[in-house]
Amino acid sequence: MMTLMSTRVEFDLPEYSVRRRYQDFDWLRNKLEESQPTHLIPPLPEKFVVKGVVDRFSEEFVETRRKALDKFLKRITDHPVLSFNEHFNVFLTAKDLNAYKRQGMALLSRVGESVKHVTGGYKLRSRPLEFAAIGDYLDTFALKLGTIDRIAQRIIKEEIEYLVELREYGPVYSTWSALEGELAEPLEGVSACIGNCSTALEELTDDMTEDFLPVLREYILYSDSMKSVLKKRDQVQAEYEAKLEAVALRKEDRPKVPADVEKCQDRMECFNADLKADMERWQSNKRQDFRQLLMGMADRNIQYYEKCLMAWESIIPLLQEKPEAKLAPIWGNEETTWCLFTTTVIGGQPGSQPRYFHEDFFLLHPIAKHNIFSVRTSHFLIFFFF
């Protein structure tokens with residue numbers, strides 16, 4: 001569903017709502033290329049996707065496709081020439097677009113026809129330096145982006161496989177905790193930590209798939225579109241040079257330049273001006289788009305690692321060994337391994353069990369009670385603590 005609101009005089013109504021399919025967008029782009037051969041036409045998102053990276057029937061893919069098609073229309077709308085194209089007007093307003101499609105090639109412009117039927121067999125002498133530099137830049141640019149795109153897709157695929165492993169890995173600690181006593185709480189903490197890390201990784205992977213890859217693919221296709229326009233410019237230049245040579249071969253002293261040669265020259269100059277203007281506009285959009293893309297990628301990676309760091313730090317208190325209860329030193333410092341104190345024996349004879357005032361000591365220190373060795377004298381009891 002597309003909704004158009006405009007104040008331009010060429011639209012009969014201030015608002016239109018129409019439904020379009022992908023093939024309708026493809027038709028529009030072909031018509032723009034035919035009728036505006038001197039201009040750079042924005043690329044459409046690819047109809048097919050890489051298997052294993054994106055599911056073309058998922059809601060995420062549909063939303064990504066919608067955003068890409070929306071960007072395609074907005075780029076045409078922002079263009080000072082393409083936005084006034086008749087085919088674009090029909091695409092935005094016609095209720096029955098199929099009826100308009102059946103008109104076939106009737107609305108092709110003369111410029112489009114002339115570019116399709118340029119002189120064949122003539123080899124271009126050389127491109128002007130500025131257009132040769134544009135061609136070299138586009139080749140290198142497409143090569144770099146293609147490499148980044150392949151590696152990024154491979155990374156995302158590996159992250160998806162790693163995510164599957166994490167989802168199986170975390171619950172193992174949870175089931176293990178049911179068998180343990182004191183380890184139960186730390187094991188549950190590790191399981192929850194791995195679950196939080198897997199959630200953060202899933203969010204990072206989704207962002208890379210929905211935001212990062214589409215921009216790379218768009219600009220790879222953009223470079224192909226620019227190369228196509230550059231090739232059409234070369235064809236017009238080749239046609240112009242061929243006609244000039246034909247005039248020069250005439251045996252007239254001062255051959256008059258035919259009108260068709262002048263028109264061809266005008267067409268070449270028009271190509272040069274339009275191509276340079278579109279190249280500048282494209283470079284400006286590219287700088288803005290990639291600055292936002294790289295900033296977003298940096299922010300999402302920072303958020304991912306912060307979430308993982310927070311998850312692991314949260315379980316450190318559970319993993320630390322709790323200090324055991326220690327007996328308070330009776331005499332000396334904490335390193336004292338033995339102590340001595342005396343009591344007066346109340347009753348009892350040598351060889352018999354004595355009674356003494358400090359029976360409560362054993363009740364207060366049940367752990368130490370089994371580590372006590374006593375030596376009786378007639379007036380003292382000596383306790384050694386091991």
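The values are calculated or read from the model by the stated rules, or taken from the named source; none is laboratory data. Every value quoted in this text rests on a predicted model; they were computed, and no experiment measured them. Please note: Cβ atoms are built from the backbone with ideal geometry, for glycine as well, and neighbour counts cover all protein chains shown. With ligands, DNA and RNA removed, areas are computed over all heavy atoms of the protein, side chains included. Shrake-Rupley method; radii C 1.70, N 1.55, O 1.52, S 1.80 Å.
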Quick one: in region 126-179, of everything that is among the β-branched types (V, I, T), within 24 Å of F290 (Cβ to Cβ) and out of contact with any Phe, Trp or Tyr (no Cβ under 9 Å at 6 or more places or on another chain), which residue is surrounded by the most Cβ atoms within 10 Å (Cβ to Cβ)?
I134
Hits in region 182-205 - residues which are within 17 Å of E321 (Cα to Cα) and open to solvent by 60 Å² or more (accessible area, probe 1.4 Å):
E182, L183, E185, E188
Only residues that are closer than 15 Å to A298 by Cα and crowded, with 18+ Cβ neighbours inside 10 Å: list them for region 210-219, please.
F212, L213
Could you tell me which residue of region 72-119 is nearest to S225 (Cα to Cα), considering only residues that are assigned to a helix (DSSP H, G or I), modelled with pLDDT under 50 and open to solvent by 20 Å² or more (accessible area, probe 1.4 Å)?
K116
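Go through region 258-272 and count every residue that is part of a helix (DSSP H, G or I) and either without any contact (Cβ under 8 Å) to a residue 24 or more places away in the chain or polar (S, T, N, Q) (or both).
Counting residues in region 258-272 that are part of a helix (DSSP H, G or I) and either without any contact (Cβ under 8 Å) to a residue 24 or more places away in the chain or polar (S, T, N, Q) (or both) gives 9.
Kindly establish whether E335 is modelled with pLDDT of 50 or more, open to solvent by 70 Å² or more (accessible area, probe 1.4 Å) and either closer than 30 Å to P37 by Cβ or charged (D, E, K, R) (or both).
no
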